[in-house]
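Everything on this sheet refers to the single structure shown next.
The values are calculated or read from the model by the stated rules, or taken from the named source; none is laboratory data. All values derive from a computational prediction rather than experimental measurement. Glycine also receives a Cβ, built like all others from the backbone with ideal geometry; neighbour counts cover every protein chain displayed. All accessible areas refer to the heavy atoms of the entire protein, side chains included, with ligands and DNA or RNA removed. Shrake-Rupley method; radii C 1.70, N 1.55, O 1.52, S 1.80 Å.
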Amino acid sequence: LLGAVLDRPTEAALLTGRVQGEIAGVAAVIAGAAQPSVFIELDPSPYSAGPESYMGSLFTMAGGQNVLPASLGDFPLVDPEFVVAADPEVILLTDAPFGVTAAEVAARPGWSTLSAVVNGRVIELDGTTVDMLSRAGPRLGEAVLALARVLHPDRF
């Protein structure tokens, strides 16, 4: 749509093809891999991203399974006890650039026994990755690849 509005159809087509190719490439690499359960932390309240949100869609494309049901909405405030009961295999900290650490997550009441904590899979995302995840744009394919590398390190 932007390519048409800006009278840049060729550039738009090339960009669209590149992004679609990046996503298809990730899908080919992770085909058949187990989908780890993921909790996406937006802030330590904890706010999260539901599976049908933009960010949640990226995690699905990267081969993760969101622990939140879609019925909670796109960006729900989640009870910490819900996270404990869900026992995610991976916790992704999009709030790490703002000072939240894996050690702080492990220190939360009841969280030290979570699979993600026990197995060292509380991932502190850097600012560049968080930017790609939170802003829909031409780095969409790069965002999916970055997530797939985190979720499926054995495939990359």
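Normalised by the number of residues in the chain, the mean separation of alpha-carbon contacts (under 8 Å, six or more apart) gives a relative contact order of 26 percent. The apolar share of the surface of segment 1-137, taken as the fraction of accessible area on carbon and sulfur atoms (1.4 Å probe, ligands and nucleic acids excluded), comes to 58 percent.
Rolling a 1.4 Å probe over the protein heavy atoms gives the chain an accessible area of 51 Å² per residue.
For the chain, a crude dipole built from +1 on the beta carbon of Lys and Arg and -1 on the beta carbon of Asp and Glu, taken about the Cα centre, is about 420 debye to the nearest 20. Rounded to the nearest 500, the helix-only mean residue ellipticity at 222 nm of the chain stands at -13000 deg cm²/dmol, with each DSSP H run of n ≥ 4 adding -39,500 (n - 2.57). Scoring 38-44, 26-32, 4-10 by mean Cβ neighbours within 10 Å over their residues and listing the highest first yields 38-44, 26-32, 4-10.
The modelled label-to-label distance between THR101 and ARG8, using points 7 Å beyond Cα along the C-beta direction, is 4.2 nm.
Once both labels are modelled 7 Å past Cα along the beta-carbon direction, what's the THR128-GLN20 spacing in nm? Between THR128 and GLN20, the simple spin-label model gives 2.8 nm. For the chain, the membrane-span-like helices by this rule, meaning whole DSSP H stretches whose C-alpha atoms cover at least 30 Å of axis and whose Kyte-Doolittle mean is 0.0 or above, are 9-30; this says nothing about an actual membrane.
Starting from the Cα gyration tensor of segment 107-156, take the square roots of the eigenvalues, sort them a ≥ b ≥ c, and report rounded, prolate or oblate (rounded when a/c is under 1.5, otherwise prolate if a/b is larger than b/c, else oblate). Taking the square roots of the gyration eigenvalues as a ≥ b ≥ c, segment 107-156 is oblate.
Fully extending the segment from ALA28 to ASP79, taken as 0.36 nm per residue of separation minus the present Cα-Cα distance, adds 14.8 nm.
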